[in-house]
Structure formats: C-alpha cells, structure tokens
Amino acid sequence: MTLHITKPKAPERQTTLTHEHDIDDQSHIPILSNKVVNVASVPQRSPLRYPGGKTWLIPQIRNWLISLSPRPTIFIEPFAGGAVASLTAVMERFVDRAILGEKDPELANFWRCIFEDGETLARRVERFTPSPDDVRREFEREPTNGLDAAFQTLLKNRVNRGGIIAKGASRMNRGENGNGIASRWYAKTIAERIRAISRCASRFECVEGDGIELIGSTQDSAEAAYFIDPPYTVAGKRAGTRLYNFNEIDHESLFDHTAMVQGPFMMTYDENPDVIEMATNRHFHLAKVAMKNTHHAIMYELLITSGELNP
Ligand SMILES: C[S@@+](CC[C@H](N)C(=O)[O-])C[C@H]1O[C@@H](n2cnc3c(N)ncnc32)[C@H](O)[C@@H]1O
C-alpha cells in the first residue's frame, strides 16, 4: 500500500504594502518607528527584570493588537521569559486569556506559582530584606517547595547582573547607583505587581515545554494571536548563550510552524540577513523599530508579522 502524505498548505498571507513607511535604503524594510520608547512611559507589569524583555516594544504590541480583526481571544507567547507581552495583552483586555510557554522549568515554576498563589509569594517578598548575608544564606538553601523555589528565582533575577537567572550568572557588586545588592529589590513594587497579576490569575496559564511544540498544538485556533520572541544567537556571536539556560532552537522549524498558524502573529528578532531570508521565503511581513541596547546604543529590531503593520 502506498501512503500519500500531503503537507497541509500554509494559510495565504497578503503581502502588499498599503501604508506609507520610511524605507531602509539598504535592506528595503519599512521602518515602523525611529523613535526609541522611553520605558518609564509604559506600565511595568512583570515582577522580573528579564534579559531581552520587551517592555520597550509595548506601544507597537498595543498598536498591533488594536489593529486585529476579529479580536483574538487567546494570546500565546511560546517563549515567555518575563512575559511582558502576555501581561499587557490580558491586563489591558486586548484578549481574554494568555498561554505562556517556557522551557526553563525554573521560570515555568515561577509563573505557575504566581498564577496559583501569588498572595503568598507577595507577602514573602515584603518580608525579605536582602542584606548580602541574607542573600547568600537564601541561595545556600535547597528550596523546600515550588513557592520557595519561585522566591529564589525572583531573588536571583533581582540580585544577579542583568537579571540573568541562567547557570553561571554573577551577582551584582555595586548595584544600581552603587547601592549594592539590594538596589533592585523594590519589595513594595514587586509585591504589587505580583498581586495585580494574581487578581487575573484565572486568565493565565503556563505550559512548561518547547515553544515550537506549543505553536504546533495550537496552530488551528483562529482565535489565537501569537507573540513569538525566541532566544536568538547569531552564528559566531554567542551573546545569547549566557542569558538563558535554554538557547538553542531550530529557527527554520520555528518559521515553518509559524507559517502554519491560522491566527495573526508577531515575531521579534535581531536584524540579521539569515532571519530576513527565512521571513521573505515564507512571504511574512517585515518592519523595523528603533530600540536601545544594553549599552544604550540605538539599533533596530525586526518585527516579522502575518499582516502589514501600520505606522
Ligand atoms: C528572548 S527571551 C523572551 C523574553 C520575553 N519576551 C520578555 O519580554 O521577557 C526567550 C525565552 O525563551 C525561553 N526558551 C528557550 N528555548 C525555549 C524553547 N525551546 N521553548 C520555550 N521557551 C524557550 C528562554 O528560557 C527565555 O526565557
């Protein structure tokens, strides 16, 4: 018996440009915005100061969500990290609920704890004063349960350089403005953020596992919108390696799976010729937005979307 396997056809995407954009002379990619967003002007909702966090992209994410018709009911963030986009989408009611996908078990546990018992974690945050000795003692202890582990994850994120929780990350010495290890432990603010998320906990779910699989298992939902911010390491420049415990993903496969989703999507990547090629081969839409990197240099991030973005 011969088996004929037909690969399902990817949904057709419109590729025409109907709005006026500035165009990058070299790459011919529309520039959506040359203005760097002041992150202080955007509500900070994540308790984590996560490396690669997308707070600066919130205005563009909002514009995109507003433009979607029909309104998506589910927001899927397969590489959640600090989950800035999901928190915004749900808490500003652009969608009814969000699914966070995250491969790092430590981070997935952190989100599950907030969704299951954020109040207990918030109280623990308020009780803790991070002197160097207290921090050291805290990390010498084996966590006794999920909530204890979530507290350690949060503490690590707040006292490590760059908010990095990956193995091998180092502690801050001088801290913010020379204020030492406690300089980013804003107990009241962090506890408030946890409580605010906890109040809408029934609208969040965290799925621990591979983001590409999450996209595959939800691809037929026309009600879903995807925000896809994968770890990305340019060949030869392994800057991403130390940021996360999980860095290696098959980007071709991610693009193939993304091509199959029924609902709208937005992906974000560093500007890179390989990425541009993967996107153009699949007739995805490309745009660039200005941002500041960790060294405060202005650079551009690529937004890859299912439809054209409005300036
Ligand atoms: C660029 S960060 C996401 C940052 C996030 N957008 C934010 O605003 O904080 C990428 C995240 O993907 C996670 N990750 C890495 N490989 C993964 C995989 N195969 N599946 C799901 N998550 C993965 C990393 O642990 C990291 O948290």
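Taking the criterion of being open to solvent by less than 40 Å² (accessible area, probe 1.4 Å) and not aliphatic (A, V, I, L, M), the residues of segment 285-311 that qualify are HIS285, LYS288, GLU301, THR305, SER306, GLY307. For segment 259-274, does any single residue satisfy the condition of being buried (at least 21 other Cβ atoms within 10 Å of the Cβ), charged (D, E, K, R), closer than 23 Å to ASP24 by Cα and within 16 Å of the ligand (Cβ to nearest atom)? No, segment 259-274 has no match at all.
The residues of segment 96-127 that are part of a loop (DSSP other than H, G, I, E, B) and within 16 Å of the ligand (Cβ to nearest atom), listed by number, are LYS103, ASP104.
Checked against (1) open to solvent by 40 Å² or more (accessible area, probe 1.4 Å); (2) assigned to a helix (DSSP H, G or I); (3) within 12 Å of the ligand (Cβ to nearest atom), GLN44 passes all but condition (2). Condition check for LYS167 on (1) in a loop (DSSP other than H, G, I, E, B); (2) away from the ligand (no atom under 16 Å from the Cβ): one failure, at (2). Under the condition of being open to solvent by 40 Å² or more (accessible area, probe 1.4 Å) and not hydroxyl-bearing (Ser, Thr, Tyr), which residue from segment 60-88 is nearest to the ligand (Cβ to nearest atom)? Looking at residues that are open to solvent by 40 Å² or more (accessible area, probe 1.4 Å) and not hydroxyl-bearing (Ser, Thr, Tyr), I get ARG62.
Restricted to segment 183-209, and to residues there that are open to solvent by less than 50 Å² (accessible area, probe 1.4 Å) and farther than 20 Å from LEU87 by Cα, the residue that is nearest to the ligand (Cβ to nearest atom) is TRP185. Could you grab the pairs with beta carbons closer than 6 Å, sequence gap of 6+ or different chains, first residue in segment 64-90 and under 24 Å from ILE190 (Cα atoms) and without any contact (Cβ under 8 Å) to a residue 40 or more places away in the chain, second one more than 12 Å from the ligand (Cβ to nearest atom) and of a type outside the set (A, V, I, L, M)? Listed by first residue and then by second, the contacts come to nothing, as the list is empty. Inside segment 203-227, can you point out the residues that are of a type in the set (Val, Ile, Thr) and touching a Leu at 6+ places or on another chain (Cβ under 7 Å)? Listed by number, the residues that qualify are VAL207, ILE212.
Restricting attention to segment 89-117, the residues being of a type in the set (Asp, Glu) and open to solvent by less than 30 Å² (accessible area, probe 1.4 Å) number 2.
The values are calculated or read from the model by the stated rules, or taken from the named source; none is laboratory data. The model shown is predicted, which means the values in this text are computed figures rather than measured ones. For neighbour counting, all protein chains shown are included, and Cβ atoms are generated from backbone atoms with ideal geometry for every residue, glycine included. We work out accessible area using only protein heavy atoms, side chains counted, and drop any ligands, DNA or RNA first. Shrake-Rupley method; radii C 1.70, N 1.55, O 1.52, S 1.80 Å.
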